[in-house]
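Trainee: Dropping a structure here in structure tokens format, bear with me for questions.
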Amino acid sequence: MSSVIRVENLGKKYNLRHQQREQYTAMRDVITDGFKSFARKLIHPFQFSTESGPSSEDFWALKDVTFDVKQGDRIGIIGRNGAGKSTLLKILSRITEPTTGRVRIKGRVASLLEVGTGFHPELTGRENIFLNGAILGMGRAEIRNKFDEIVDFAEIEKFLDTPVKRYSSGMYVRLAFAVAAHLEPEILIVDEVLAVGDSQFQKKCLGKMEDVSTREGRTVLFVSHNFSAINTLCTRSILLSNGTISSYGNSIDITNEYICGLSSKQIGQNGKFDLTNRVNLYNKGVPIILSVTVCDHNGYPSDTLVMGKSAKIQFELQEIENINNLDFGIGFYTPEGFRITSATTWSSETVTRTNSNNSLKVTYQFDMIPFTAGKIMMSPSVSNSKHGIVYDHPEMSCYFNVVEETLFTEKKKISRTYGVIYIDGQWQLH
Amino acid sequence: MSDDFDLIIEPGGGIRRYWRDLWKYRELFFFLAWRDILVRYKQTVIGIAWSVIRPLLTMIVFSIVFGALAGLPSNGVPYPIMVYAAMLPWQFFANSLSESSNSLIDNANLLTKVYFPRLIVPAGSVIVSLVDFFISLVILFGVMAWYRYLPDVRMLLLPFFLVLAFLASFGAGLWLSALNVKYRDFRYVVPFLVQFGLYISPVGFSSAIVPEKWRMLYFLNPMVGVIDGFRWAILGDAFPVYWPGLALSACFTLLMFIGGLLYFRNMERSFADVI
Ligand SMILES: Nc1ncnc2c1ncn2[C@@H]1O[C@H](COP(=O)(O)OP(=O)(O)OP(=O)(O)O)[C@@H](O)[C@H]1O
Ligand SMILES: [Mg+2]
């Protein structure tokens, strides 16, 4: 398949103004500034103008972005707020110019950065269909041909001749989306527009988009924070962070990577819990468990674990004598403090441990996370169970978050409202 | 190498593509103008009546103040008709100016969400004012019928002066709309400009009352040429045109228009980022 979009070293620089309240310059300021520097020159004619401190700063919203899109690809674009997703789409749809680099595009592009762009509240539904259609790039004849279909899709026949200011917000979105859904470009660029409207209508739109793009081989670029939508619609995804592409690949992998990265960054713990600064209730107050690290199924430290996948929990210990008689355990709790279950060395057959010079590491490996989505608190412990001696037991001192893998496939949904434990079995009807 | 890409997006962009796009987006241009007209006549209760009443009232006031009270000459033509013949292009110019100077800002939402040659926004505003112009023109015929005043064949030259008025309005509109995006306080300048312009342009009086030695300078105001042209075309020999002045006015108008076009094109790239 040939490339239909080729982006090379794309960059976009914005000027961030710090002093002014608003983006635009006031002529007034330009004039007064001019006078000031003129006056300064009069007073100190031989002094070079010491440029006043940076009132504005260059900011690269996109930098060195290079990628290729093949005909018929459906590409998801994800990233945190301000990562540059909308900026990228704006450049691709020619709303704003790039500062560096080049984009080459083959085929008719339609961009949908907002539903209902240009809708006028005073105009009727019928008038707005024509207006919005024209704004999105449809010809008059094309709109006329599709008019009935659009009205059908939006389900607003009765209100066609009512000004849209009298519409409910749902009707408004339906109408706006219906027009957009009937665009037939070769390349469709969509920014977060699915965030509006009720979920049933969203599904309908998504279905329509998917339908058309698979049937007609249309290329789609789709920005969304809704991963299930990305995973349903897009085969491949781009993860943008701070204006650069941090990965480009299979949607499921990329969204997964993003979720893990995002939650650990947001909480700042990265799945590592430092337990050195505390008073141990046992062992004369000296902590034995120095830290706890939670690793996800890829083996990376993360406090976000995927339901049904493997995971590891590792403690780092202060060296103590009689190592052979120590027992380790982890109690798992709901955030409300209900003890769900425990994993202990005295109930388990295998214990893995690695000795390193001064410290000692203990790892518990989950074969499969059995918890439903939500937060799980942990109480690690070090004891001698035979003699009933506790050495360290920081209660509820660390945690992890479980996310559903089903988030991505939308096939099944098991949330905390169904319970805390996830069980796998089959139903049969006789 | 596949060189068969239809569109290349680069810093700087291509000028040739721009004019082609302008043609491609003509339908959007008509839709936007249609929207503005529709909205205007839907929103205001008196709608069309407003565009009738305003020039009529101004005509009456000017006839009383300049004609009856100040006793300025009207060369044998009924004073109201003399005023109205000038009101016609002036209103068009003034409306275009106020509408187009705000047009980009009013359509900010559109500019940041879809691509189209931005030129069609101020152009649309001028077109909407043109509709008002034609309504006023019909009223002029009404007033002339009332005074039983018959125009001659010169009337056929009116379109030429209308084109001149259009260029002046559009040229000034381009400057102001682009400046308004960058320097937002220009919006306070425009009403003043329009108000002031009404008094320095020969709307309420004939340009013949301007002393000979200031004549050429006076014609630097593009609307002087246009207004004199309108009077001549509508009222005939009672208002002879000072041709060198008109030529100067026309040249200046053309210069302003081309300058406006270049300035607008230059600023256009940053509209979506700045607005
Ligand atoms: N016109 C502008 N002038 C200055 N800075 C801008 C402008 N537009 C965007 N930016 C900056 O560029 C960065 C990227 O913005 P962008 O809208 O592309 O983010 P995004 O990835 O779409 O975020 P979100 O998920 O919130 O929509 C932001 O830091 C923003 O502040
Ligand atoms: Mg965005």
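The values are calculated or read from the model by the stated rules, or taken from the named source; none is laboratory data. Everything quoted here is computed from the prediction, not taken from an experiment. Quick reminder, even Gly has a Cβ in these numbers, built from the backbone with ideal geometry, and neighbours come from all protein chains shown. Calculation scope for accessible area: heavy atoms of the full protein, side chains included, ligands and nucleic acids excluded. Shrake-Rupley method; radii C 1.70, N 1.55, O 1.52, S 1.80 Å.
Trainee: Considering only the stretch B:172-189, I want to know if a residue exists there that is small (G, A, S) and closer than 27 Å to B:G71 by Cα. Show your work before the answer.
Mentor: From the stretch B:172-189, those small (G, A, S) are B:172-173, B:177-178; that's our starting set.
Imposing the further condition that a residue be closer than 27 Å to B:G71 by Cα reduces the set to none.
Among the residues of the stretch B:172-189, not one is small (G, A, S) and closer than 27 Å to B:G71 by Cα, which makes the answer no.
Trainee: What single numbered condition from (1) free of Cβ contacts under 8 Å to residues at least 60 places away in the same chain; (2) out of contact with any Ser or Thr (no Cβ under 7 Å at 6 or more places or on another chain); (3) more than 14 Å from chain A (Cβ to nearest Cβ); (4) open to solvent by less than 40 Å² (accessible area, probe 1.4 Å) fails to hold for B:Q91?
Mentor: Result: B:Q91 fails condition (2) only.
Trainee: Ok, one more. Could you list all residues from the stretch B:249-269 that are farther than 15 Å from B:F161 by Cβ and among the aliphatic types (A, V, I, L, M)?
Mentor: Residues satisfying the conditions are B:L255, B:M256, B:I258, B:L261, B:L262, B:M267.
Trainee: Please pick out the residue among A:L188, A:L221 that is within 16 Å of ligand 2 (Cβ to nearest atom) and either assigned by TED's automatic domain parsing to the domain that holds A:D152 or touching a residue at least 24 places away in the same chain (Cβ under 8 Å) (or both).
Mentor: Details: A:L188 fails: within 16 Å of ligand 2 (Cβ to nearest atom).
None of the other options fit; the residue is A:L221.
Trainee: Now for a different question. Hey, could you check the stretch A:224-244 for residues that are over 17 Å from A:E192 (Cβ atoms), more than 14 Å from the chain's Cα centre (by Cα) and of a type outside the set (S, T, Y) and say which is farthest from ligand 2 (Cβ to nearest atom)?
Mentor: A:R236
Trainee: In the stretch A:83-96, which residue that is farther than 11 Å from A:I189 by Cα and without any contact (Cβ under 8 Å) to a residue 24 or more places away in the chain is farthest from ligand 1 (Cβ to nearest atom)?
Mentor: Step by step, filter the stretch A:83-96, then rank; the result is A:R94.
Trainee: From the set of residues in the stretch A:214-243 that are within 12 Å of ligand 1 (Cβ to nearest atom) and open to solvent by less than 60 Å² (accessible area, probe 1.4 Å), which is farthest from A:W60 (Cα to Cα)?
Mentor: A:S224
The rows are residues; the columns are (1) modelled with pLDDT of 90 or more; (2) closer than 18 Å to B:F92 by Cα; (3) assigned to a helix (DSSP H, G or I).
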| site | (1), (2), (3) |
| --- | --- |
| B:I105 | yes, no, yes |
| B:P117 | yes, no, no |
| B:P122 | yes, yes, yes |
| B:I135 | no, yes, yes |
| B:G142 | no, no, yes |
| B:A145 | no, no, yes |
| B:P151 | no, no, no |
| B:R154 | no, no, yes |
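Trainee: Is one or more of the residues making up the stretch B:44-67 within 27 Å of A:V193 (Cβ to Cβ) and aliphatic (A, V, I, L, M)? Please lay out each step first, then the result.
Mentor: From the stretch B:44-67, those within 27 Å of A:V193 (Cβ to Cβ) are none; that's our starting set.
Within the stretch B:44-67, none of the residues are within 27 Å of A:V193 (Cβ to Cβ) and aliphatic (A, V, I, L, M).
Trainee: Tell me the residue from B:W50, B:W34, B:W19 that is open to solvent by 40 Å² or more (accessible area, probe 1.4 Å) and facing chain A (nearest Cβ under 9 Å), please.
Mentor: Numbers: B:W50 fails: facing chain A (nearest Cβ under 9 Å); B:W19 fails: facing chain A (nearest Cβ under 9 Å).
The conditions single out B:W34.
Trainee: Next question. Before we move on, is B:P240 more than 30 Å from A:I91 (Cβ to Cβ), of a type outside the set (G, A, S) and either within 14 Å of another protein chain (Cβ to nearest Cβ) or not in a helix (DSSP H, G or I) (or both)?
Mentor: Numbers: more than 30 Å from A:I91 (Cβ to Cβ): yes; of a type outside the set (G, A, S): yes; either within 14 Å of another protein chain (Cβ to nearest Cβ) or not in a helix (DSSP H, G or I) (or both): yes.
When the stated conditions are applied, B:P240 passes them.
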